[in-house]
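All remarks here apply to the structure that follows.
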Amino acid sequence: MYASVGERAIGNLDEVLDNLGVFRSAPEDLIATCPSGFRRVPITIGGGYYISLQGFGPDQRAFAHTHPDSEEWVVILKGSGQALFADNPVPLFAGVVVGRGAAHPHGFVSGADGLHMVSIQLPRPAEGLTTWDEAGETSEPIACAFGGTCRRCPRCGGHSTVMPGGRYSCENCGLPF
């Protein structure tokens, strides 16, 4: 049979693959979704690509944003929701593949059953070029089930943890607030 999956910290999954040679897991074993905001776990990152797993709890939103220099493909692994492309939302459910060209504003919202997907960005978005097209909002701080205190990032909607000194830092976009 298969070996059990052990606990993992957030990190690039290509390092796990390098160490094990073969790797198998379910999305929820790799992404601990939290009510405060969506989460992203990098699979591998290079100059020409950024591949990651993204996990959304029930009814969570990734606020609209634009990568002017990068297309994106998402493969829905589990759950449901919508890809938000201007006035043309695309229904998402397991097995769906959605692509969007560079410079197309987009966001995501999960359904009541959450959402897990693989994101493939080609090439990797350049630092500092992403624009944030939707006014987001933060949430009240909560005791995070995975340790510490967390809240939603007001810029992207991602999971943010409290840092020394009491400020928060977003795991997805890096915004300190």
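General observations
- When residues of segment 125-177 are limited to those that are assigned to a strand (DSSP E or B) and open to solvent by 70 Å² or more (accessible area, probe 1.4 Å), the one nearest to GLU71 (Cα to Cα): TRP132
- Filter result (open to solvent by less than 40 Å² (accessible area, probe 1.4 Å), more than 22 Å from ALA94 (Cβ to Cβ) and among the β-branched types (Val, Ile, Thr)) within segment 35-66: THR44, THR66
- Residue in segment 105-124 that is within 17 Å of the chain's Cα centre (by Cα), part of a loop (DSSP other than H, G, I, E, B), within 13 Å of THR33 (Cβ to Cβ) and of a type in the set (Gly, Ala, Ser) present: no
- Some residue of segment 51-58 being touching a Cys at 6+ places or on another chain (Cβ under 7 Å) and either among the charged types (D, E, K, R) or under 30 Å from PRO141 (Cβ atoms) (or both): yes
- Hits in segment 88-128 - residues which are under 19 Å from SER52 (Cα atoms), in contact with a Pro (Cβ under 9 Å, 6 or more places away or on another chain) and at pLDDT below 95: ALA102, PRO125, ALA126
- Failed criterion for ALA32 (all others in (1) open to solvent by less than 30 Å² (accessible area, probe 1.4 Å); (2) in contact (Cβ under 8 Å) with a residue 40 or more places away in the chain; (3) of a type in the set (A, V, I, L, M, F, W, C) hold): (1)
- Of SER80, SER70, all but one fail to be under 18 Å from GLY157 (Cα atoms) and of a type in the set (S, T, N, Q); the exception is SER80.
- Selected residue [farther than 26 Å from GLY47 by Cβ, under 17 Å from the mean Cα position of the chain (by Cα) and among the hydroxyl-bearing types (Ser, Thr, Tyr)] from THR149, THR161, THR130: THR161
The values are calculated or read from the model by the stated rules, or taken from the named source; none is laboratory data. If you're wondering where the values come from, they're calculated on a predicted model, not measured in any experiment. With ideal geometry, Cβ positions are generated from the backbone for all residues, glycine too; neighbour counts draw on all protein chains shown. Please note that ligands, DNA and RNA were not included when accessible areas were found on the heavy atoms of the full protein model with its side chains. Shrake-Rupley method; radii C 1.70, N 1.55, O 1.52, S 1.80 Å.
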